[in-house]
Amino acid sequence: MKDIIKKYTFKEELELEFEILDLAKLFKSKKEMMTKPHRAQFYHILIIEKGKGTHLVDFNPIKIENNTIICVPHNSVNKFDINGVYKGKAILFTKSFFCRNKYDTQFLHLSRLFSDLYSVTKLEFNPKISNLSILINAMETEYLRESDNAKFHILYNMLHIFLLQTEREMRKQGYVELKPSANLDYLVMFKNVLEKNYKTEKSVSAYASKLSISTKQLNKATTTLLDKTPKQIIDERIVLEAKRLLSHSSQSIKEIAYKLNYEEPTNFIKYFKKHTNSTPSEFKENIKK
Amino acid sequence: MRKLSILILLAVAFIACNDKSKKEDLKTKKVEKMEISNKDKVVALLKSIETGAQEPAGYINSNKYIQHNQGVADGLAGFGAILGTLAEVAKTNPAMAPKVNTVRAFEDGDFVIAHTEYNFFGPKVGFDIFRFENGLIVEHWDNLQEIAVKTASGRTQTDGPTELTDLDKTEENKTLVKNLLNDVFMGANPNKITDYISTEKYDQHNPGVKDGLAGLGEALGALAEAGMPMVFEKNHIVLGQGNFVLSVSEGIFMKEKVSFYDLFRVENGKVVEHWDTVENLIPASEAKNTNGKFNF
């Protein structure tokens, strides 16, 4: 029952929860696993030098193109394109690798690169002229070195610089971020509380009271920033989880309904259909294709 | 030595007989009984990859042949298997027919080192190291690299002097190379480079590097600027005879874990010439034997 969706954690023998790998080799050796929907317990940065196909992150299609960087948050369900071309590098790291203090945690949580407040970040990147290339080379070289006292700290700091430089590129390329405001604080807090409770708690007023604000304030925060009501955000989160669970075949629809706190599977089916225009079993069939 | 003197005594005796036919017999006998040097055995063994000659395989101890080429299975069987595959490939594609031309070879104790141009699944240059026990080969290491179409210095990866000289300076020259590795390549005293490498002459055979210390500096600088400095992490062995010294090291080059085989020629206490091969390491999980690439 624990294995709700196939989760991939970091290899246990790795002393560092950080890897920088040749993407083509990785795709070749793990193709079977990677082309099925799977939830990775780590952040991915896909540096695509040559690529083709459609990658799915949480069931949203992302076009794989030459000279791009795609940032995939942890815990999202990935599906690599079985007919796709993935050439370049993959940087993989866990939250515990990067988050040495509360500032790191905040950075990773709020950064446009990985935040679920936005769509998946995909940047243009020209390896021949980008200063990111030097940093990628340096991380690869450092990663191959024999371990010593400095290796972890150097990789951690290089990754930090890499993320900051990537954010800067992102801004240059016109990605808009939400400006710090009281509303943004409420939204982020709401998202955090929702993440912990969405399986059991579905009412907007309950979340507002957890945040010690009124439903009106919460409503204002989400509609101003995301043009969505709190109810919509709650529904999206439940539906996303339902999709994630459905994409893994071992659980029955009844079990998934139960997991999501629906006592009657028919209610779950109706709810799912209302939000996705397909029944859970139709969705399950489609995702397997 | 004793065998040889007996042979000479016998020869004198037979010559005294003044029997022409017997003399002829003796000559052939003498050739058979003469000890072939370990170096000659290695050169003959390598050449047999091309010619298919059977006898040189007999220089390998059939009960113990420790293979360190990570793509070849252990033992004499592994050596045979790779020759079989080569022959198969050559059958369908005559351009892949094996060719072997050992350019230089030398000995250090029980080790023989050979520097060879190959057609071995494509044109390659390679260093082979063989270890002998009781006149038979018991262990093999190598490091292969593809032959470059064009080199920065205009030299090939194998040309240049081949003659062994300064046989009395072996230890001195090996120490020079050990110190060069430790101080410069491993970074203990990087500014000492001119203590080891001649500022007047440094003939370079690495295909990507120009002649001279300036050429070396330029190549290493370009790598460092691109964020991928060449890293020497560990030296495994230094072998030499006279003016030639080979070092076997491991490290990182162009974002890959590699083995570095560097051959230096020493003249008057300074390195004046350099040949090398750099080969990517095969992960242990993909290796065909468990002996490791190094383990001297």
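The values are calculated or read from the model by the stated rules, or taken from the named source; none is laboratory data. Since this is a predicted model, take the numbers as computed values, not measurements. As a convention, Cβ positions derive from the backbone with ideal geometry for all residues, glycine included, and neighbour counts pool all protein chains shown. Protein only, heavy atoms only, side chains kept; ligands, DNA and RNA dropped before computing areas. Shrake-Rupley method; radii C 1.70, N 1.55, O 1.52, S 1.80 Å.
Which residues does a label at A:LEU21 reach in segment B:68-89, if reach means a backbone N under 13 Å from a point 7 Å past the Cα toward the Cβ?
No residue qualifies, since no backbone N sits under 13 Å from the label point.
Return the value, in Å² to the nearest 100, of accessible area buried between chains A and B (probe 1.4 Å, both sides summed).
About 1000 Å² of accessible surface is lost on pairing.
Quick one: of B:LYS150/B:LYS288; A:LYS196/A:LYS274; A:LYS128/B:LYS178; A:LYS52/B:LYS293; A:LYS25/A:LYS172, which pairs are farther than 28 Å apart, Cα to Cα?
Values: B:LYS150/B:LYS288 32 Å; A:LYS196/A:LYS274 24 Å; A:LYS128/B:LYS178 38 Å; A:LYS52/B:LYS293 37 Å; A:LYS25/A:LYS172 31 Å.
Over 28 Å Cα-Cα: B:LYS150/B:LYS288; A:LYS128/B:LYS178; A:LYS52/B:LYS293; A:LYS25/A:LYS172.
Along the Cα→Cβ direction, 7 angstrom out, place labels at A:LYS254 and B:GLU218. What is the inter-label distance in nm?
Each label point lies 7 Å from its Cα, and together they span 7.7 nm.
Order these peptides, B:139-149, A:168-178, by their mean beta-carbon neighbour count within 10 angstrom, highest first. Before the final figure, lay out each step's value.
Details: B:139-149: 18.6, A:168-178: 13.2.
My ranking of the peptides, most packed first, is B:139-149, A:168-178.
With all protein chains present, how much of the accessible area of segment B:139-296 (probe radius 1.4 Å) comes from carbon and sulfur, to the nearest whole percent?
Within segment B:139-296, the accessible surface is 49 percent carbon and sulfur.
Can you give me the long-range amide H partners of B:GLY240? Hydrogens built in the peptide plane at 1.01 Å from N, cutoff under 5 Å, separation of 5 or more residues or another chain.
Placed amide hydrogens put B:LEU246 under 5 Å from B:GLY240.
Are there any trypsin sites (Lys or Arg not before Pro) in segment A:52-129 that are in a DSSP loop and have at most 16 other Cβ atoms within 10 Å? List them by number.
Loop-located and lightly packed - A:ARG100, A:LYS128.
In whole Hz, what ³J(HN,Hα) sequence does segment A:177-183 give by Karplus (6.51, -1.76, 1.60; θ = phi - 60°), x for Gly and Pro?
Per residue, the Karplus-derived 3J(HN,Hα) values read 10, 6, 7, x, 6, 4, 4 Hz.
Please list, in chain and number order, the residues 5+ apart from B:ASN143 or on another chain whose amide H is under 5 Å from its amide H, with Hs placed from the backbone.
Answer set, sorted by chain and number: B:PHE127.
Between Rg and the Kirkwood Rh of chain A, both from Cα atoms, what is the Rg to Rh ratio?
Result: Rg/Rh = 0.97.
Tell me whether segment A:98-190 comes out rounded, prolate or oblate; compute the Cα gyration tensor, take square roots of the eigenvalues as a ≥ b ≥ c, and use a/c under 1.5 as the rounded threshold. Could you put the intermediate results ahead of the total?
On the way: a/c = 3.30, a/b = 1.45, b/c = 2.28.
It is oblate, given that a/c is not under 1.5 and a/b is not larger than b/c.
Taking the Cα centre of the protein assembly as shown as the origin, how large is its charge dipole in debye, to the nearest 20, when only Lys and Arg (+1) and Asp and Glu (-1) carry charge on their Cβ atoms?
About 2920 debye.
Quick one: work out Rg over Rh on the C-alpha atoms of segment B:38-149, Rh as Kirkwood radius.
0.94
Taking the 0 to 90 degree range and rounding to the nearest ten, how far is the long axis of helix A:151-172 tilted relative to the main principal axis of chain A, both from C-alpha atoms?
Roughly 70 degrees, rounded to the nearest 10.
For segment A:110-119, just list the computed ³J(HN,Hα) in residue order, Karplus coefficients 6.51, -1.76 and 1.60, θ = phi - 60°, integers in Hz, with x standing in for Gly and Pro.
Here the 3J(HN,Hα) series is 9, 4, 3, 4, 10, 6, 7, 6, 10, 6 Hz.
List the residues whose amide H sits under 5 Å from the amide H of A:ASN67, counting only those 5 or more places along or on another chain, with H placed 1.01 Å from N in the peptide plane.
A:GLU49, A:LYS50, A:GLY51
With a cut-off of at most 14 other beta carbons within 10 Å, and DSSP calling the residue loop, which trypsin sites (Lys or Arg not before Pro) in segment B:199-287 qualify? Please list them.
B:LYS201
Using a 10 angstrom cutoff on alpha carbons, build the Gaussian network for chain B and name the most mobile of B:LEU220, B:LEU281, B:LEU83.
Top of the fluctuation ranking is B:LEU220.
Let me make sure I get this right: for segment A:182-288, a, b and c are the square roots of the gyration tensor eigenvalues over alpha carbons, sorted descending. Under 1.5 in a/c it's rounded, otherwise prolate if a/b > b/c, else oblate. Which is it?
Prolate shape, in that a/c is at least 1.5 and a/b is the bigger ratio.
Between B:GLU286 and A:ASN83, how high is the FRET efficiency from 1/(1 + (r/R0)^6) when r is the Cβ-Cβ distance and R₀ = 22 Å? Nearest 0.05.
According to the calculation, E is roughly 0.25.
How big is the Cα convex hull of the protein assembly as shown in projection, averaged over all directions, in nm²? Show your work: numbers first, answer last.
Details: hull surface 143.7 nm².
Mean orientational projected area (the protein assembly as shown, Cα hull): 35.9 nm².
At 0.36 nm per residue, and after removing the present C-alpha to C-alpha distance, how many nm does the segment from B:ALA53 to B:GLU133 gain when stretched out fully?
Length gained, B:ALA53 through B:GLU133: 26.5 nm.
Across peptide A:134-147, how many C-beta atoms of other chains are within 10 Å of each residue C-beta, on average? Write out the running numbers ahead of the final one.
Details: counts 4, 1, 3, 8, 6, 2, 6, 12, 4, 2, 11, 5, 6, 0.
Averaged over the peptide's residues, the number is 5.
Quick check for you: with a 1.4 Å probe and neighbouring chains kept, what is the accessible area per residue of chain A, in Å²?
Details: 15140 Å² over 289 residues.
Here the residues of chain A average 52 Å² of exposed surface.
Across peptide B:120-131, how many C-beta atoms of other chains are within 10 Å of each residue C-beta, on average?
Per residue, the number of nearby Cβ atoms from other chains is 0 on average.
Taking the Cα atoms only, what angle lies between the long axis of helix B:20-33 and the longest principal axis of chain B, rounded to 10 degrees?
It is inclined by approximately 40 degrees.
Once phi is turned into θ = phi - 60°, what whole-Hz ³J(HN,Hα) does the Karplus curve with 6.51, -1.76 and 1.60 give for every residue of segment A:25-37, x standing for Gly and Pro?
My calculation for segment A:25-37 gives 5, 4, 5, 5, 6, 10, 4, 4, 5, 6, 8, 9, x Hz in order.
If you filter segment A:176-215 for trypsin sites (Lys or Arg not before Pro), then keep DSSP loop positions with at most 13 other Cβ within 10 Å, what is left?
A:LYS199
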